[in-house]
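Written out below as structure tokens is the structure these notes cover.
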Amino acid sequence: PFVSFAQEDTQGKITWSFDEATATLTVGGEGAIKGYGVATDSTFDPPPWWKFLGKADKIVIEEGITEIGSYDFVDSTAKEIVFPSSLRKICFAAFMGNTNLKEIILPEGLKTIEMGAFATCPMVEKLYIPESVEEIDEYFYAHLSAWKLKEFVFLPTTAQLDFYYPGSCADYAYAEAYAYYYKCEYDASNIDFADDDKDDEFVYSKVAAYCNEKLNTSFPTEYSEANMQSMEK
């Protein structure tokens, strides 16, 4: 059993196929895959491969694709996603809600990761963000608190963060430490987070230690309100 389909849209020609024997969904063509999601009448506008997202163990985005649109692979059950080197942008909620994905290995050449692109993917253990990324949803790092992250590779140093909510990180250096904190929070099952003061102390000590070790800063590692304010500045 093999299903294939080609569609024409305003963004170019996109083809897709599903191989039931290998449980592989393949999307190819040239240019951007258009975004789906909520239609103008407030109903859900699913991608044409919607009914196969719950059957696919693997998703392959072929070379030539430059953009993955909003909700294109939402709620998929794929354990593996292969990205092309031609990819430049991953849009809002493109892979949201995947409960099986364990690795996110993003390709060199990728420029933009929009808000919620990988939200609610709780089984992720390995994450690789290439140096080419220039813009990323800062809230992306908040998702790490719900992931089983074991390996985190973060290379960009000069890119700009998108600001989607108050209190955003000022730069990538702090965002990297922010991500480190969430990893530690997840692993620190013996920490009592019910007490707000303990929570603040844990957050501060982990971020300060990481900044000092990895980013050549000199924050005092003991928690105090004054030290916390210094770090926030």
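Nothing in this text is a laboratory measurement; each read-out follows from the coordinates by a stated rule. All figures in this text were calculated on a predicted structure; none of them were measured in a lab.
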Residues whose built amide H sits under 5 Å from the amide H of LYS102, excluding neighbours closer than 5 in sequence, are none
Sequence order, the stretch 87-96: Karplus ³J(HN,Hα) from phi using 6.51 cos²θ - 1.76 cosθ + 1.60, θ = phi - 60°, Hz rounded, Gly and Pro as x, gives 5, 10, 8, 10, 8, 3, 6, 4, 10, 4
Interchain or long-range residues, amide H under 5 Å from ILE14's placed H: GLN7, ASP9
Could you derive backbone 3J(HN,Hα) for the stretch 225-232 from the dihedral phi with the Karplus parameters 6.51, -1.76 and 1.60 (θ = phi - 60°), listing whole Hz in sequence and x where the residue is Gly or Pro? 4, 5, 5, 4, 5, 5, 5, 4
Karplus-derived HN-Hα couplings along the stretch 205-210 (A = 6.51, B = -1.76, C = 1.60, θ = phi - 60°), whole Hz, x at Gly and Pro: 4, 5, 5, 4, 4, 5
Which cross-chain or sequence-distant (5 or more) residues have an amide H under 5 Å from the amide H of VAL82, H modelled 1.01 Å from N in plane? ILE59, VAL60, ILE61
